[in-house]
Amino acid sequence: MTLLEVNNLTVRFYTAEGVVTAVDDLSFTIDRGEKFGIVGESGAGKSVSALSVLRLIENPGRIESGEILLDGENLLEMSDKEIRKVRGNRVSMIFQDAQTALNPVYTVGEQISEPIRHHLDYSESEAKERAIELLDTVGIPDPQTRYSDYPHEFSGGMQQRAVIAMALSCDPDLLIADEPTTALDVMTEAKILNELDRLAEEFDTAVQLITHDLGVIAEVCDHVMVMYAGQPVETASVDDLFYDPKHPYTVGLMASIPRIGAGDTRLQTIPGVMPDLIDVPTGCTFHPRCPYAEDVCTQKEPGLVDPATGTEVGADADRGASCLAYTGDLANDLTFDVTVGDAGQSVGGESDD
């Protein structure tokens, strides 16, 4: 069932200011048909990890180590010619900004038809027919006419739908969606997410959804990985993540979501900012912002462990959290009692409920 397997991926950028470790020893798996979410603040390494799958990291960036296996084939060992056969065919990507993803000098229809002709060896007329079908599938009205329109003649929501049509043009095994609803209004965002969910089911396509919006994660995904400073800090099913978060960073993200009916309750925030990836803190990278940190957190780097047993878990684990609260290393058996929405949640240790 495993489609994509990323093992110990490290990506660095060599800048004039220093070496930026954007992704640090990252591992995860995505099964066929799974909707897998990656969430975290800007600078967490979400987009870099996605671009690495398609080997789109450019200078001064460099994939330093690791494996990226697609159906057992290591994409990092493929030649340039071989990886071009994968891009847009077996693996497609919806980029953050549809306006810049579309070429302004070609019609939308031509841009959807191009990968179809290139990868599927369709004739020009067959590719056009397929492109029109896709425009209709993603909900663009009068697709035969809109096929000949240029990107500037589309609204932002329509541009995003056209980019989704382009990404689905060759029935990919994996669709990477990087902030697919950025800058869209709420109604258009809901339509795009519903369309993405429906199309994933229809095409039996695995989806890797990258976002900072936990509402989008709840709407679409089956399983989630929370990233912080280039590393995974928690992995869980969507239900487990929302109802029983296990890492202080995840708890902070949950507590900072505005909720209808909260009245005059002050919105919680996570103190501080994401660390400088040129000079990452020692030990747990989250410790400067964590209200539960102890001295050991500044010295020992926690791995991803099973919160129930404290044992190390692999990339395919259903549940994992990178916190010393679960390994017995903290001086006190802490209980992290926080409020997530209207319900009290206990994170780590034993609940007082």
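What to note about this one:
- Residue by residue, the stretch 298-314 carries 3J(HN,Hα) couplings of 7, 10, 10, 8, x, x, 7, 10, 6, x, 7, 10, x, 8, 5, 10, x Hz when phi is fed to the Karplus relation 6.51 cos²θ - 1.76 cosθ + 1.60 (θ = phi - 60°); x denotes Gly or Pro.
- Model label points for Glu202 and Ala317, set 7 angstrom from Cα along the Cα-to-Cβ axis, are 3.9 nm apart.
- Magnitude of the charge dipole, the chain, Cβ model with Lys/Arg +1 and Asp/Glu -1, debye to 20: 840 debye
- Annotation for Thr100 and Asp121: the two label points, set 7 Å from Cα along the Cα-Cβ direction, are 3.7 nm apart.
- 3J(HN,Hα) along the stretch 46-51, derived from phi through the Karplus expression 6.51 cos²θ - 1.76 cosθ + 1.60 where θ = phi - 60°, amounts to 4, 5, 5, 5, 5, 4 Hz, with x in place of Gly and Pro.
- Reported label for calculated percent of Cα pairs over 34 Å apart given (i) 30; (ii) 43; (iii) 17: (i)
- Within the same chain, lysines fewer than 8 places from Lys191 are excluded, and of the rest, those with a Cα less than 30 Å from its Cα are Lys35, Lys46, Lys128.
- The residues neighbouring Ala50, those whose beta-carbon lies less than 13 Å from its own, together hold a net charge of +1 under the Lys/Arg +1, Asp/Glu -1 convention.
- Amide hydrogen neighbours beyond the local backbone of Lys35, cut-off 5 Å, H modeled: Val207, Asp222, His223
- A straight line joining the Cα centroids of the stretch 199-228 and the stretch 291-332 runs 25 Å.
- Hz values of 3J(HN,Hα) by residue in the stretch 108-118 - Karplus curve (6.51, -1.76, 1.60), Gly and Pro given as x: 4, x, 4, 6, 6, 5, 4, x, 5, 5, 5
- Cβ-Cβ FRET estimate between Glu58 and Ala331, R0 fixed at 51 Å, reported to 0.05: 0.65
- Taking amide H as placed 1.01 Å from N in the peptide plane, Gly88 has its amide H under 5 Å from the amide H of Met93, each at least 5 places away in sequence or on another chain.
- Shown is the FRET efficiency for Asn194 and Glu17, computed with R0 = 56 Å from the Cβ-Cβ distance and rounded to the nearest 0.05: 0.85.
- Positive-pole candidate from Ala16, Thr309, Leu330, dipole of the chain, charges at beta carbon: Ala16
- Only alpha carbons enter this Debye calculation for the stretch 1-154, each as an equal point scatterer, and the log10 of I(q)/I(0) it gives at q = 0.08, 0.09, 0.20 Å⁻¹ is -0.30, -0.38, -1.26.
- A protection proxy built from the mean count of other Cβ atoms within 10 Å ranks the segments 90-97, 134-141, most packed first, as 90-97, 134-141.
- Peptide ranges 4-10, 318-324 listed from the most packed, as the mean C-beta count within 10 angstrom indicates: 318-324, 4-10
- Here the relative contact order of the chain, from alpha carbon pairs under 8 Å that lie six or more residues apart, stands at 18 percent.
- Amide H contacts of Val233 (H built 1.01 Å from N, under 5 Å, at least 5 apart or other chain): Val226, Met227, Tyr228
- With Cα atoms, 0 to 90° folded angle of helix 186-203 axis to the chain main axis: 80 degrees
None of the figures in this text is laboratory data; all of them are computed from the coordinates on show. Because the structure is predicted, anything quoted here is derived from the model rather than measured. Every residue, glycine among them, receives a Cβ derived from its backbone with ideal geometry; neighbour counts consider all protein chains shown.
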